[in-house]
């Protein structure tokens, strides 16, 4: 089973939309790899720099509510994927983005507002990292010499998609 | 217990329920455009599965950037075109016949009450205006749709919104949906269907119902849905007259898809629109809504009329009625993009195109273009557009640009005054 997680990138705002994740002008690219330089290019957040090592070296994104709203572009999960980010943890997701993540065999994990606050207590820790176990529905956040474990719910279908490596493989076998 | 329209459609299309809460549905219409489909085609080819489940249920159009503006967009168009030819997809619309997907496909009569519809485009919810379940999906869902004709959903609960009273003069479907989004918030309907009803919806044309359902996604909704009725039958009649002996028979058949009187809703919201005034957005989220009265005088650089939200004939009529005999203010530029070739032709025949041109508007070919900042009217940094489109995210119409979402009437009044303006004084 593929492992999920890595160094954490904290994006402290709700309603981050897919235009901010990957602007429409790059939708003319026809390979996922070509999207790589444009990750979160138009996102404006205090202290956030799309070109910083913190961003480009991340393995997991932690954010607030309604992440991935707006356009249906799967380029949003793809731009994370080609940058080595295979999981997003949020208080909630827009439906299409969430489905796109699982359809690509990536993880969109929903936690309560309190749990998200707990994760954000690691936001200023330089070596903050999160490891996710999809099968057990658990994750561990660590950094600055402390660590914390959390449980999360994931639907059995989403879990099956991740295990199958995505929806095309799953559906092709089954339907 | 009765059922909602969405529940009836889910029950009738259920292929599999692999896990509790996940329903795999048979899809009646799979729509494709040149931005999100080529990667699905490339992936199918790489997997050695370059097939389509049904050549008659797949509809394709080049609409987002057309005519192509550079090598990359030309390549995307070519990939879609070659694929459509290779698989003999009859309903493929190329330059000369192409228009904005969510305006073009309804105009061709492709959507029927009770249908399931998917497309790799978030505004697919528009087609719920016909009493269909229509959902925007990503490229992978689209790919499986093309290959297998199925798609998986968590069965959505329905939120019923009753738009009561009557729309006052100068207030339109766009104002009504901005009110609804302001009420629900940008994620108030996530994993939900927004079912529209009430006297205002009953009085609406299909075009207005499409405007309403088009923006369901801006509140997070999976699909907007209106109940099929006589208006639906009249609109579809040219396409269905061979299938039914009479309009009465068609209405009786389609009415089976209407929500039952004792259907269960997660939430029922009653809004009286009799005193509604024109609305517009003020920030970078579609739920940031204020009255145009409050916003009047706000500076603008461009007025844009078009898109899957408000680029149809009735929208052009409303705007032209206000613009007739007037000129664009010297500080603004105006762009009209009729949503389809038919809209363009009809508008020309009615003399509307001349009114726009006399007023100083540039009239472009049908395309999604500027709405998502890809072509034909992209903003410069710091510029502001009064726009009849559906999304006002920061930079949506061009990096550093801002968009006020509003009705065609408010767009026309704002064009004349060169700043946000209330259309009611021109009516």
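Go through the residues of the stretch B:78-92 one by one and say whether even a single one is assigned to a loop (DSSP other than H, G, I, E, B), more than 10 Å from chain A (Cβ to nearest Cβ) and in contact with a helix residue (DSSP H, G or I) (Cβ under 7 Å, 6 or more places away or on another chain).
Checked against the condition, which is being assigned to a loop (DSSP other than H, G, I, E, B), more than 10 Å from chain A (Cβ to nearest Cβ) and in contact with a helix residue (DSSP H, G or I) (Cβ under 7 Å, 6 or more places away or on another chain), the stretch B:78-92 yields no hits at all.
Residues being buried (at least 19 other Cβ atoms within 10 Å of the Cβ) and touching a strand residue (DSSP E or B) at 6+ places or on another chain (Cβ under 7 Å): count how many of those fall in the stretch B:161-178.
Narrowing the stretch B:161-178 to residues buried (at least 19 other Cβ atoms within 10 Å of the Cβ): B:161, B:163, B:167, B:170-178.
Retained after the next criterion (residues that are touching a strand residue (DSSP E or B) at 6+ places or on another chain (Cβ under 7 Å)): B:161, B:163, B:175-176, B:178.
The number of residues fulfilling the criteria is 5.
Can you tell me which of A:137, A:144 is surrounded by fewer than 18 Cβ atoms within 10 Å (Cβ to Cβ), on the phi > 0 side of the Ramachandran plot and over 16 Å from the mean Cα position of the chain (by Cα)?
The match here is A:144.
Find the strands (runs of 3 or more DSSP E) located wholly in the stretch B:1-77 whose residues include 2 or more that are away from every other protein chain (no Cβ under 14 Å), and list them.
B:58-61
Which count do you get for residues in the stretch B:98-126 that are more than 14 Å from chain A (Cβ to nearest Cβ) and either outside any strand (DSSP E or B) or surrounded by fewer than 24 Cβ atoms within 10 Å (Cβ to Cβ) (or both)?
Residues meeting the conditions: 16.
Of everything in the stretch B:284-301 that's surrounded by 15 or more Cβ atoms within 10 Å (Cβ to Cβ) and out of contact with any strand residue (DSSP E or B) (no Cβ under 7 Å at 6 or more places or on another chain), which residue is farthest from residue B:162 (Cα to Cα)?
B:296
Condition (residue is touching a strand residue (DSSP E or B) at 6+ places or on another chain (Cβ under 9 Å), in the same structural domain as residue B:157 (by TED's automatic domain parsing) and surrounded by 13 or more Cβ atoms within 10 Å (Cβ to Cβ)) applied to the stretch B:233-256: is it met by at least one residue?
No: zero hits.
When you scan the stretch A:49-97, how many residues do you find that are part of a helix (DSSP H, G or I) and in contact (Cβ under 8 Å) with a residue 60 or more places away in the chain?
Qualifying residue count for the region: 1.
Before we move on, is residue A:65 over 15 Å from the mean Cα position of the chain (by Cα) and either surrounded by fewer than 24 Cβ atoms within 10 Å (Cβ to Cβ) or more than 21 Å from residue B:25 (Cβ to Cβ) (or both)? Working first, answer last.
Values: over 15 Å from the mean Cα position of the chain (by Cα): no; either surrounded by fewer than 24 Cβ atoms within 10 Å (Cβ to Cβ) or more than 21 Å from residue B:25 (Cβ to Cβ) (or both): yes.
No; evaluated as a whole, the condition is false for this residue.
Residues being part of a loop (DSSP other than H, G, I, E, B), more than 14 Å from chain B (Cβ to nearest Cβ) and either in contact with a strand residue (DSSP E or B) (Cβ under 7 Å, 6 or more places away or on another chain) or over 25 Å from residue B:220 (Cα atoms) (or both): count how many of those fall in the stretch A:98-127.
Initially, the stretch A:98-127 is screened for residues part of a loop (DSSP other than H, G, I, E, B), giving A:104-106, A:111-112, A:121-127.
Narrowing the set further to residues that are more than 14 Å from chain B (Cβ to nearest Cβ) leaves A:111-112, A:121-127.
Keeping just the survivors that are either in contact with a strand residue (DSSP E or B) (Cβ under 7 Å, 6 or more places away or on another chain) or over 25 Å from residue B:220 (Cα atoms) (or both) gives A:111, A:121-127.
Looking only at that region, the number is 8.
Can you confirm whether residue B:427 is surrounded by fewer than 24 Cβ atoms within 10 Å (Cβ to Cβ), in contact (Cβ under 8 Å) with a residue 12 or more places away in the chain and more than 19 Å from the chain's Cα centre (by Cα)?
Here the answer is yes, as residue B:427 does meet what is asked.
Among the residues of the stretch B:133-166, how many are more than 17 Å from residue A:74 (Cα to Cα), more than 8 Å from chain A (Cβ to nearest Cβ) and touching a helix residue (DSSP H, G or I) at 6+ places or on another chain (Cβ under 9 Å)?
Count: 13.
The values are calculated or read from the model by the stated rules, or taken from the named source; none is laboratory data. Small disclaimer: the values here were computed from a predicted structure and weren't measured. Counting neighbours? That spans all protein chains shown, and the Cβs are built from the backbone with ideal geometry, glycine included.
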